Amino acid sequence: MSPKTQAKVLRVLQEGEVERIGSARTTKVDVRVIAATNKNLEEEIEKGGFREDLYFRLAVIPIYVPPLRERPEDVAQLVKYFMELISRESNLRPKRIAPAALEALQRYRWKGNIRELRNTVERLIIMTAGDVIEIADLPDSVKSPGNMSTSSPAHTAPKTVEAHGQDDAKPGTLREFKDNAERTFLVGKLRENGWNISKTAEAIDTPRSNLYKKLEQYQISQESDG
């Protein structure tokens with residue numbers, strides 16, 4: 001939202017009043033607001049891109065939704081749902097998916113999250129000639145090892161001196177140094193607290209929602225850093 005729109009939304013939240021376009025009459029409203037973002041609003045506030053007073057009006061019950069690549073156990077159910085839905089909507093004969101193909105879908109990073117998964121399933125149903133979707137039918141991007149969530153360079157944690165101990169791993173900028181230091185600190189605290197998010201957030205005196213954002217930002221997981 002632009003700063004002007006942010007001010008208008010803040011007024012609605014504070015006063016519970018709106019004015020329709022072209023009207024001079026104020027209308028009282030009683031609403032509940034659900035706001036979603038893919039940005040770190042704390043950082044946006046620091047940069048001046050988001051109003052702090054609006055943030056605290058909105059952030060009553062923060063809910064962190066992990067990206068699909070962090071919950072591969074959901075992929076199988078989503079694939080099944082989309083296959084049935086798309087087959088029914090398109091009046092196509094239902095297909096089955098081979099275990100190897102499903103496993104590849106579970107390993108893929110899904111940068112586009114649910115939307116990308118749905119589009120992929122729809123393409124497979126339309127383009128696969130047989131009744132069973134095999135791994136050979138998958139798009140090359142899904143089959144590529146470089147796009148797997150366990151080995152993708154984009155999913156790899158930032159290099160640190162502690163992890164590699166080599167000169168080429170040293171941060172070249174102040175920002176890189178800060179990021180590496182923060183990541184090392186968070187991993188250490190998570191290990192101390194047995195990777196319990198609630199305990200770790202309490203130990204470092206930060207909201208759980210903020211800790212989840214940091215885990216996503218630095219690609220921290222128990223599998224890769226435990």
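The values are calculated or read from the model by the stated rules, or taken from the named source; none is laboratory data. The structure displayed is predicted, hence computed values, not measured ones. Don't worry about glycine lacking a Cβ; one is built from the backbone with ideal geometry, like all the others, and counts go over all protein chains shown. Areas reflect the complete protein model, heavy atoms only, side chains present, ligands, DNA and RNA absent. Shrake-Rupley method; radii C 1.70, N 1.55, O 1.52, S 1.80 Å.
In the condition set (1) over 17 Å from the mean Cα position of the chain (by Cα); (2) open to solvent by less than 70 Å² (accessible area, probe 1.4 Å), ARG175 is compliant with all but (2).
Within the stretch 22-31, none of the residues are under 30 Å from LYS213 (Cβ atoms) and open to solvent by 100 Å² or more (accessible area, probe 1.4 Å).
Scanning the stretch 1-14 for residues that are assigned to a loop (DSSP other than H, G, I, E, B) and either at positive phi or open to solvent by 90 Å² or more (accessible area, probe 1.4 Å) (or both) returns a single hit, MET1. Cβ-Cβ distances below 9 Å connect the following pairs, each with a first residue in the stretch 11-33 that is under 28 Å from PRO62 (Cα atoms), a second residue that is open to solvent by 100 Å² or more (accessible area, probe 1.4 Å) and part of a strand (DSSP E or B), and a separation of six or more residues or different chains: GLU15/LYS28; GLY16/LYS28; GLU17/LYS28; VAL18/LYS28. Residue-level check: of (1) modelled with pLDDT of 85 or more; (2) in a helix (DSSP H, G or I); (3) farther than 23 Å from GLU70 by Cα, ARG175 misses just (1).
All told, ASP30 falls short of being among the charged types (D, E, K, R) and in contact with a Leu (Cβ under 9 Å, 6 or more places away or on another chain).
Listed here are the helices (runs of 4 or more DSSP H) enclosed by the stretch 15-89 that have at least 3 residues being within 30 Å of ALA104 (Cβ to Cβ) and at pLDDT 90 or above: 75-89. When you check PRO62 against the structure, is it closer than 24 Å to LEU215 by Cα and not small (Gly, Ala, Ser), yes or no? In short, yes.
Tell me, yes or no, whether the stretch 38-61 has at least one residue that is open to solvent by 40 Å² or more (accessible area, probe 1.4 Å) and closer than 26 Å to GLY130 by Cβ. Checked the stretch 38-61: no residue is open to solvent by 40 Å² or more (accessible area, probe 1.4 Å) and closer than 26 Å to GLY130 by Cβ.
Would you confirm whether or not the stretch 140-148 contains a residue that is open to solvent by 40 Å² or more (accessible area, probe 1.4 Å), modelled with pLDDT under 90, assigned to a loop (DSSP other than H, G, I, E, B) and charged (D, E, K, R)? No, the stretch 140-148 has no match at all. Could you please find all residues in the stretch 74-92 being in contact (Cβ under 8 Å) with a residue 12 or more places away in the chain and loosely packed, with under 13 Cβ neighbours inside 10 Å? Once the filter is applied, which keeps residues that are in contact (Cβ under 8 Å) with a residue 12 or more places away in the chain and loosely packed, with under 13 Cβ neighbours inside 10 Å, the stretch 74-92 yields SER90, LEU92. What residue, among those in the stretch 205-225 that are assigned to a loop (DSSP other than H, G, I, E, B) and open to solvent by less than 40 Å² (accessible area, probe 1.4 Å), is nearest to ALA181 (Cα to Cα)? Looking at residues that are assigned to a loop (DSSP other than H, G, I, E, B) and open to solvent by less than 40 Å² (accessible area, probe 1.4 Å), I get TYR218. Looking at the stretch 108-130 only, could you name the residues that are surrounded by fewer than 16 Cβ atoms within 10 Å (Cβ to Cβ) and not in a helix (DSSP H, G or I)? LYS111, GLY112, ALA129, GLY130 - these are the residues of the stretch 108-130 that are surrounded by fewer than 16 Cβ atoms within 10 Å (Cβ to Cβ) and not in a helix (DSSP H, G or I).
Output the residue which, of all residues in the stretch 62-73 that are among the aliphatic types (A, V, I, L, M) and in contact (Cβ under 8 Å) with a residue 40 or more places away in the chain, is most open to solvent (accessible area, probe 1.4 Å). Steps first, answer last, please.
Taking the stretch 62-73 as the starting set, the residues that turn out to be among the aliphatic types (A, V, I, L, M) are 63, 65, 68.
Narrowing further to those that are in contact (Cβ under 8 Å) with a residue 40 or more places away in the chain: 63, 68.
Working: ILE63: 138, LEU68: 1 Å².
For the stretch 62-73, the residue satisfying everything is ILE63.
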